Structure formats: structure tokens, C-alpha cells
1. Looking at segment 10-21, which of its residues are open to solvent by 60 Å² or more (accessible area, probe 1.4 Å) and either among the β-branched types (V, I, T) or in contact with a His (Cβ under 8 Å, 6 or more places away or on another chain) (or both)?
2. Is one or more of the residues making up segment 14-27 on the phi < 0 side of the Ramachandran plot, outside any loop (DSSP other than H, G, I, E, B) and of a type in the set (A, V, I, L, M, F, W, C)?
3. Please work out if S24 is loosely packed, with under 12 Cβ neighbours inside 10 Å and among the small types (G, A, S).
4. Looking for something hydrophobic (A, V, I, L, M, F, W, C) and in contact (Cβ under 8 Å) with a residue 12 or more places away in the chain - is there at least one such residue anywhere in segment 65-72?
5. List the number of the failed condition for N35; all other conditions in (1) among the polar types (S, T, N, Q); (2) surrounded by fewer than 15 Cβ atoms within 10 Å (Cβ to Cβ); (3) within 13 Å of the chain's Cα centre (by Cα) hold.
6. Can you find a residue that is outside any loop (DSSP other than H, G, I, E, B) and open to solvent by 90 Å² or more (accessible area, probe 1.4 Å) anywhere in segment 41-61?
7. How about segment 4-22: which of its residues are over 13 Å from the mean Cα position of the chain (by Cα) and over 24 Å from Q68 (Cα atoms)?
8. Kindly list, by first and then second residue, each pair from a residue in segment 19-44 that is polar (S, T, N, Q) to a residue that is open to solvent by 70 Å² or more (accessible area, probe 1.4 Å) and not in a helix (DSSP H, G or I), limited to pairs with Cβ atoms under 7 Å and residues at least 6 apart or on different chains.
Amino acid sequence: YEVLQHKPLWLMHGSDDTENRIDSDQVLFSQLKKNKKCRFWVYEGTNHNDNFLKLIPPETLPDWLFRQRNQD
């Protein structure tokens, strides 16, 4: 996890996902709690095949993505 401690990360997960349970992202997010550039969004009532992009305002993801800089 150390290599991810300073990387911008945006974890998104559906609360009802049974193919890839949310526990994995919850564990990852807890391991990265020192990373102030890590965010975790849980979409209530969604599963593995739901399209999260429909739930995100259109400008949100590109705005966040293009503000990021890779710092090693």
C-alpha cells in the first residue's frame, strides 16, 4: 500500500455489489487513510453492473481527473 500513499485515488463502489463485494474497497480505503488524495464514494442501492457515470454530474470526474498530478 505504500506506493499508493501519495497517489490521487477515487474509489467508487456499489453497496449491493455481490460480484466484487464492497469489503475489498473498504479495506483498501482504511489502509490508505494517510493519503489525503484518496476519496471513497459508495453508491447506495447499486450493484456491479450499474453504470456509476450516470450518477456523477458530468463535469465532476473530468474536473477531478485533470487537476491531478503524479508525484512520486
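The values are calculated or read from the model by the stated rules, or taken from the named source; none is laboratory data. These figures come from a predicted structure and were not determined experimentally. When we count neighbours, we look across all protein chains shown, and the Cβ atoms used for this are built from the backbone with ideal geometry, even at glycine. In case anyone asks, the SASA skips ligands and DNA or RNA and just uses the protein heavy atoms, side chains included. Shrake-Rupley method; radii C 1.70, N 1.55, O 1.52, S 1.80 Å.
1. Of everything in segment 10-21, those that are open to solvent by 60 Å² or more (accessible area, probe 1.4 Å) and either among the β-branched types (V, I, T) or in contact with a His (Cβ under 8 Å, 6 or more places away or on another chain) (or both) turn out to be T18, E19, N20.
2. Yes, segment 14-27 contains at least one residue that is on the phi < 0 side of the Ramachandran plot, outside any loop (DSSP other than H, G, I, E, B) and of a type in the set (A, V, I, L, M, F, W, C).
3. no
4. The answer is no; no qualifying residue exists.
5. With (1) among the polar types (S, T, N, Q); (2) surrounded by fewer than 15 Cβ atoms within 10 Å (Cβ to Cβ); (3) within 13 Å of the chain's Cα centre (by Cα) applied to N35, the lone miss is (2).
6. yes
7. The answer is D16, D17, T18, E19, N20, R21.
8. Note: pairs meeting the criteria are N20/H48; Q31/Y1; N35/H6.
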